[in-house]
Every structure is written in C-alpha cells, then in structure tokens.
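The values are calculated or read from the model by the stated rules, or taken from the named source; none is laboratory data. Remember, it's a predicted structure, so these values are computed and weren't measured experimentally. Please note: Cβ atoms are built from the backbone with ideal geometry, for glycine as well, and neighbour counts cover all protein chains shown.
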Amino acid sequence: MEFDLTPEEKKAIASLKRLAKKWPDSLWLYSASGTLNVMRKHEDGGHAYGGGNCSSTGCDPDYIVATIHGIDNDGGDW
C-alpha cells in the first residue's frame, strides 16, 4: 500500500531517521500499553526484562529513564 504523506508527516519521519543515526547503543525503546518508554540497557548490553511489577517477558521498570507522551504507539508484533 502506498500513501500520500503530508509535509508534516514527511518531516516527522525524517526527524526519526536523523535521531536513529545518533541514538546511543546504551538505550532502547519499550512500548507498553501505548506508553513509549526510554530504557537503559543492562551492563551486558541486553534489554532489561523481568523484575518489578512486570511479567517475565515485560520490561524491568527500574531501567526506565524517560517516558515519551504524544507519540501513538503499539508494542505488538505483526
């Protein structure tokens, strides 16, 4: 499917692509129920799963360094 994007949509996508080029390896993004969380990776470089209130497959909330509001998101697979 092809979409005709608005100028605003094109700018938002370009901004994310620029951010991806400078994103630090020590951080990752975790989407939980529509909340986008910036997470610090474990010292071994892996994603921080388990612990706290999360299930064994969920994120470890102790590793949340910021929460981003205003970007609609979903963490489900295809």
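A few notes on this one:
- For region 1-44, a residue qualifies if it is without any contact (Cβ under 8 Å) to a residue 12 or more places away in the chain and among the charged types (D, E, K, R), and the qualifying residues are GLU2, ASP4, GLU8, GLU9, LYS10, LYS11, LYS17, ARG18, LYS21, LYS22, GLU43, ASP44.
- Number of residues in region 38-54 that are surrounded by 10 or more Cβ atoms within 10 Å (Cβ to Cβ) and within 15 Å of the chain's Cα centre (by Cα): the value is 7.
- None of THR57, THR67, THR35 is within 20 Å of LEU16 (Cα to Cα), loosely packed, with under 15 Cβ neighbours inside 10 Å and modelled with pLDDT under 90 except THR35.
- Qualifying residue in region 6-28 (condition: surrounded by 14 or more Cβ atoms within 10 Å (Cβ to Cβ) and either in contact with a strand residue (DSSP E or B) (Cβ under 7 Å, 6 or more places away or on another chain) or modelled with pLDDT of 90 or more (or both)): yes
- Total residues in region 1-28 satisfying the condition of being under 13 Å from the mean Cα position of the chain (by Cα) and in a helix (DSSP H, G or I): the figure is 3.
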